[in-house]
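Any read-out appearing in this document is the output of simple, stated calculations on the displayed coordinates, not a laboratory observation. The structure displayed is predicted, hence computed values, not measured ones. Here the Cβ is made from the backbone with ideal geometry for all residues, glycine too, and neighbour counts use every protein chain on show.
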Amino acid sequence: SEKLLLYDTVQSELEEKIRRLEEDRHSIDITSELWNDELQSRKKRKDPFSPDKKKPVFSLTFPRPYIVYMLQDLDILEDWTTIRKAMATLGPHRVKSEPPVKLEKHLHSARSEEGRLYYDGEWYGRGQTICIDKKDECPTSAIITTINHDEVWFKRPDGSKSKLYISQLQKGKYSIKHNHN
């Protein structure tokens, strides 16, 4: 979020500088006298007795239809900004093209409140021993170490630490129950 905010700030400053440069470019009047003087001074440097060397003129022909788009840099930046904002609203998970997945409903009620976990009608707290069950795997015993607003950290008997997202509990990917040993 801070990264996006910084990115948008830098981008808006850049766009503002470009706008000012565009305004300056349109407001500056290069008089033809200065331009002509410069061209005449260049011509004077040439030797009047030497024959002019003419460069051959190349003409390029393009097969029809040939279209040249004349876009201003500001137009391109505005379009680019619009596209970036649209991509940002889609979120990072939308970038991947995945087959359409049916919307998963929350099968189980799970939430965290004041450092405790409420899951399927029971409260779980830090230091409690639980049994974690994942589909197609053997149940595992663990001790809850931390409960955040969106995840539960636990320690396995072998000393390794892992986390479970509350959304995984809601979707039924994992289930937990009190382990009364």
Total formal charge among the other residues, if their Cβ is under 14 angstrom from that of residue 20, Lys/Arg +1 and Asp/Glu -1: -4
Grab the other residues whose beta carbon is less than 11 angstrom from that of residue 109, score K and R as +1, D and E as -1, and report the net. -1
Suppose every K and R has +1 on its Cβ and every D and E has -1 on its Cβ; what is the size of the dipole of the stretch 110-178 about the Cα centre, in Debye to the nearest 20? 140 debye
In nanometres, what is the gap between the two model label sites at residue 153 and residue 178, each 7 Å from Cα along Cα-to-Cβ? 2.5 nm
Count of lysine pairs, the stretch 110-178, Cα-Cα under 14 Å, sep. 8 or more residues or interchain, comes to 8
Grab the other residues whose beta carbon is less than 9 angstrom from that of residue 74, score K and R as +1, D and E as -1, and report the net. -4
